[in-house]
Amino acid sequence: MPVMPVVLWTDALVFLLVALGIGFGVYASRHEHLRAPWRRVARSRVGVATLVVLSFYVIVGLLDTVHFRARLTDQAPGAQTQYAPEILSLLDLWLAPLRERQEKTYSAPFATHLFVKEAVTRSDGTVVRDYPRLAYGGSHLEDPDRKGMDILLTALIGLVPGLVVWTLLSAGLIALHARRRGQSFAEARAAIAGGRTAVPWRVVLVTLALMLAIAFAIGALALKYHVLGTDKVGEDVFYQALKSVRTGLVIGTLTTLVMLPAAILLGIMAGYFRGWVDDIIQYLYTTLNSIPGVLLIAAAILMLQVYMSNNAEQFESLVERADLRLLFLCLILGVTSWTGLCRLLRGDALKLRESDYVQAAVALGVGHFSIIGRHILPNVLHIVMITLVLDFSGLVLAEAVLSYVNIGVDPTMNSWGNMINSARLELARDPVVWWSLAAAFLFMFTLVLSANLLADVVRDAFDPRLRGVR
């Protein structure tokens, strides 16, 4: 299908962040003081298990970052190629069955009928108030009472390709391990199964099997049912939850990209140069900390809304408009969140500048910025890594809170915060529509819990004071 690629602002920054991550990985692999802590992370059972879970979120987020416009099909021969105004992503293309199957209104998870009664005309011509059948959810069933057995069989059938994929990945991992260790395939398989490897590959394979089983079983069920129900306009809630993954990851990662340069540069300069440089930087972040963050974010978002309303012609689609608001939110969160890391780096730089090797470098006439790059920065990277991983989950939760008070991402953009915000009125219904809130909670809880567990492992690996404790 011919398409026209579309690169949004956040797409470009995500690609830049991926490139920086790959570059840092290559750099760290060549330096033992950075490679050793990550080796400890890779040897942690909790660390590798959470990395597997987070990798599924990252894959979904990256698929939703590649955007394009599809070519219109009804075009005259020889005419200039026209593209659809709607901006889609690879995730939209993959989840087309979920995106295109829209019901009238609410339906519960795995339901075959609408959640509310409507006027239904019977075969004899009489009109009664009843729950009508869904247009897509469970429409393949002739007898809705046999839904339970069909769900079980569909889930079991969906596990088969998941088992095949897991078997192929496991075989490839065992073969790679055997090649690196100079072992036979049977010896490597026995070592991994017995947990006798430095990296806990058995935990990796068990976690991967669990995630693939869940993914393929739900994927098979989602083709026949609305796994997490539908919302007020009949859109699939499971599709909304998957689309919200990118928003959460962008908030947690791009905000880091915004705040990291300022925090590292100003924090190290304040601690190393001291004097009037330290006074100015301290005054800057003290003043910024005195401004309530929520009020600053609200004022910035309101100003952006006024600008977009007055310049609507600059935005070709709602996706570009929502993307600009997401980028602006990342910038504001970055501006308000760099001060904590800056203060930590200032304290460590004050201590490191008095160390013997730094004083020797100064006595030998080494330049200040060479000292910062060679001696100060490498010794504070563990603080940077720990802070970044710990702040990620806080930023994901911040998006939900800000969207709940209508100063977060654009209402047209899928996010867990918008799902929770829309669930406020749904919880006031009788009976209660609970599945939108439950879906957002489940996806956000899994992501934040995995990030927090990984943060603990990274902290233990990178903090020199904790290296001999565990």
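Computed values, structure above
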quantity	calculated
Rg(Cα)/(2.2 N^0.38 Å) for the stretch 101-214, N = residue count	1.81
Which label in (i) 33.6; (ii) 20.7; (iii) 32.2 gives the computed mean projected area of the Cα convex hull in nm²	(iii)
Gain upon complete extension [Val26, Ser139; 0.36 nm per residue less C-alpha separation]	35.5 nm
The stretch 51-141: GluC sites (Glu not before Pro) in DSSP coil with no more than 16 other Cβ atoms inside 10 Å	none
Packing-based order for 132-142, 239-249, 375-385, using average beta carbon neighbours within 10 Å, highest first	239-249, 375-385, 132-142
Which of His177, His33 is most accessible, then next, and so on - probe 1.4 Å	His33, His177
Förster-model FRET efficiency, 41 Å R0, Arg71 and Ala42, C-beta, rounded to 0.05	0.40
Accessible surface of the stretch 158-201, 1.4 Å probe, proportion on carbon and sulfur as whole %	65 percent
Inter-probe distance in nm under a simple model that places probes 7 Å from Cα toward Cβ, at Lys117 and Tyr307	5.3 nm
Whole-Hz couplings from phi, Karplus 6.51/-1.76/1.60, listed for the stretch 167-182; x for Gly and Pro	5, 5, 5, 5, 4, x, 5, 5, 5, 5, 5, 5, 5, 5, 8, x
Difference of contour (0.36 nm per residue) and Cα-Cα distance, Phe445 to Arg146	104.4 nm
Length added when fully stretched, Leu16-Arg181, from 0.36 nm per residue minus Cα-Cα	55.9 nm
Options Ser89, Gln359, Leu205, ranked by Cα towards positive dipole end of the chain, top entry (Cβ charges)	Gln359
Area accessible to solvent at Leu302, 1.4 Å probe radius, in Å²	100 Å²
Projected area, mean over directions - the stretch 320-361, Cα convex hull, nm²	4.1 nm²
Accessible-area composition of the stretch 262-388, carbon plus sulfur, in percent [1.4 Å probe]	66 percent
The stretch 202-286 - accessible surface per residue (Å², probe 1.4 Å)	38 Å²
Alpha-carbon centroids, the stretch 203-218 and the stretch 1-56: separation in whole Å	21 Å
Sites Val127 and Leu223 - FRET efficiency at Förster radius 41 Å, r taken between beta-carbons, to 0.05	0.80
Approximate shape of the stretch 307-443 as ellipsoid semi-axes (Cα gyration tensor, √5λ), whole Å, largest first	46, 20, 10
0 to 90° range, to nearest 10: angle between helix 435-462 axis and the chain longest Cα axis	20 degrees
Dimensions in Å of the stretch 372-413 - Rg and Dmax from alpha carbons	16.3, 48
Loop chymotrypsin sites (Phe, Trp or Tyr not before Pro), the stretch 201-230 (other Cβ atoms within 10 Å of the site Cβ: 13 or fewer; DSSP)	none
Under 13 Å from the Met4 label point (7 Å along Cα→beta-carbon), backbone N, the stretch 289-317	316-317
Lys pairs, the chain - Cα-Cα below 27 angstrom, 8 or more residues apart or on other chains	13
Calculated FRET efficiency for the pair Leu163/Leu425, C-beta based, R₀ 35 Å, to 0.05	0.25
Relative contact order [Cα under 8 Å, 6+ residues apart], the chain, whole percent	19 percent
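The values are calculated or read from the model by the stated rules, or taken from the named source; none is laboratory data. None of the values given here were measured: they were computed from a predicted structure. Backbone-built Cβ (ideal geometry, glycine too); neighbour counts: all protein chains shown. Heads up: the accessible areas ignore ligands, DNA and RNA and are worked out on the full protein's heavy atoms, side chains in. Shrake-Rupley method; radii C 1.70, N 1.55, O 1.52, S 1.80 Å.
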